[in-house]
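K.L.:
Have a look at the structure that comes next, please.
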Amino acid sequence: MKNLCVFCGSSLGVDPAFRLACMQLGQEIAARGMRLIYGGGCVGLMGVLADATLAAGAEVIGVIPKALLEREVGHLGLTQLSVVESMHQRKAQMAELADAFLALPGGFGTLEEFCEVLTWVQLGIHNKPCGLLSTRGFYDPLLAMFDRAVADHLLKPAIRNLVLVESEVSRMLDRLAAAKPSSTREFWFEKDQT
């Protein structure tokens, strides 16, 4: 695992633990000789993560749509900033560059990006590991919803189990690096099966 794609908020949030997690992740990415792939902004948690990763000596590749370049204030100090036409192109380019995906705290965009790459595993579009860094239990409600979907037979346990979860950065990166590919056959319900 050399290229880690991280989804996180364009706001800082109120909990200083979120900012600290971004700084720790940036330092750990550099210490492991990895490269950060992210949404290209210099504001919020995105900016904290990019700045921490750069300060620790690692390469950072940002991908940002033209429409968000000013709103998210594109980070001009990156190793590379790719400006694309649409959110679809942004997500496709980040996914292509990444060896694994990790979501830190964030809002709708973070959730949408993470759930999309997770769905792509289910559909067999890619087979890259997907993790949630649940800083101070941030993702506990989302995980409870995933568990409810399994209990209601709307989601198979095999795909639910692909969501790697940790609250500590180093353990999260260890789990992403150690993740083994799974067969997508176990992710699908058979006809008339509940």
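The values are calculated or read from the model by the stated rules, or taken from the named source; none is laboratory data. Owing to the predicted nature of the structure, the values given are computational and were not obtained by experimental measurement. Here Cβ is always computed from backbone atoms with ideal geometry, including for glycine, and neighbour counts include all displayed protein chains.
K.L.:
Of the numbered conditions (1) farther than 18 Å from residue 170 by Cα; (2) in contact with a helix residue (DSSP H, G or I) (Cβ under 7 Å, 6 or more places away or on another chain); (3) among the small types (Gly, Ala, Ser), residue 52 satisfies every one except a single condition; which is it?
P.N.:
All conditions pass for residue 52, except number (1).
K.L.:
What pairs come out if I take residues in the range 1-16 that are within 18 Å of residue 28 (Cβ to Cβ) and pair them with residues that are among the acidic types (Asp, Glu) whose C-beta lies under 8 Å away, six or more apart or interchain?
P.N.:
Sorted first by the residue in the range 1-16, then by its partner, the pairs are 1/99; 2/99; 3/99; 4/99; 7/113.
K.L.:
If a residue must be more than 13 Å from residue 166 (Cβ to Cβ) and either hydrophobic (A, V, I, L, M, F, W, C) or within 17 Å of the chain's Cα centre (by Cα) (or both), how many such residues does the range 119-139 contain? Step through it out loud before you land on a result.
P.N.:
Filtering the range 119-139 down to residues more than 13 Å from residue 166 (Cβ to Cβ) leaves 119-128.
Restricting the remaining residues to those that are either hydrophobic (A, V, I, L, M, F, W, C) or within 17 Å of the chain's Cα centre (by Cα) (or both) gives 119-123, 125-128.
Total satisfying the criteria: 9.
K.L.:
Further, regarding this structure: Find all pairs meeting these conditions: Cβ atoms under 6 angstrom apart; at least six residues apart or on different chains; first residue within the range 149-169 and part of a loop (DSSP other than H, G, I, E, B); second residue modelled with pLDDT of 95 or more.
P.N.:
So the pair list comes out as 155/149; 167/134.
K.L.:
Which of the helices (runs of 4 or more DSSP H) found entirely inside the range 1-108 contain at least 3 residues meeting this: modelled with pLDDT of 95 or more and under 27 Å from residue 179 (Cβ atoms)?
P.N.:
Counting at least 3 such residues, we get 16-31, 44-55, 87-97.
K.L.:
If I go through the range 130-139 residue by residue, how many of them are within 21 Å of residue 100 (Cα to Cα) and without any contact (Cβ under 8 Å) to a residue 40 or more places away in the chain?
P.N.:
Counting residues in the range 130-139 that are within 21 Å of residue 100 (Cα to Cα) and without any contact (Cβ under 8 Å) to a residue 40 or more places away in the chain gives 4.
K.L.:
Give just the number: which of (1) in contact (Cβ under 8 Å) with a residue 40 or more places away in the chain; (2) farther than 18 Å from residue 169 by Cα; (3) surrounded by 20 or more Cβ atoms within 10 Å (Cβ to Cβ) does residue 37 not satisfy?
P.N.:
(2)
K.L.:
Please go through the range 66-77 and give me each residue that is buried (at least 20 other Cβ atoms within 10 Å of the Cβ) and farther than 17 Å from residue 50 by Cα, ordered by number.
P.N.:
Within the range 66-77, no residue meets the criteria.
K.L.:
Name the pairs whose Cβ atoms lie under 6 Å apart, with the first residue in the range 116-129 and of a type outside the set (Val, Ile, Thr), the second in a helix (DSSP H, G or I), and 6 or more positions between them or separate chains?
P.N.:
Pairs found: 122/159; 122/187; 124/184; 126/120; 129/176.
K.L.:
May I ask you to say which residue of 91, 66 is over 16 Å from the mean Cα position of the chain (by Cα) and of a type in the set (D, E, K, R)?
P.N.:
Matching residue, one of 91, 66: 66.
K.L.:
Please indicate, with yes or no, whether at least one residue in the range 114-131 is in a helix (DSSP H, G or I), of a type in the set (Val, Ile, Thr) and in contact with a Phe, Trp or Tyr (Cβ under 9 Å, 6 or more places away or on another chain).
P.N.:
yes
K.L.:
Is it the case that some residue within the range 177-191 is modelled with pLDDT under 95, basic (Lys, Arg) and more than 18 Å from the chain's Cα centre (by Cα)?
P.N.:
Yes, because at least one residue in the range 177-191 is modelled with pLDDT under 95, basic (Lys, Arg) and more than 18 Å from the chain's Cα centre (by Cα).
K.L.:
For the range 13-45, which residues satisfy the criterion of being more than 15 Å from the chain's Cα centre (by Cα) and either among the polar types (S, T, N, Q) or within 18 Å of residue 167 (Cα to Cα) (or both)?
P.N.:
13, 14, 15, 16, 17, 19, 20, 23, 24, 27, 28
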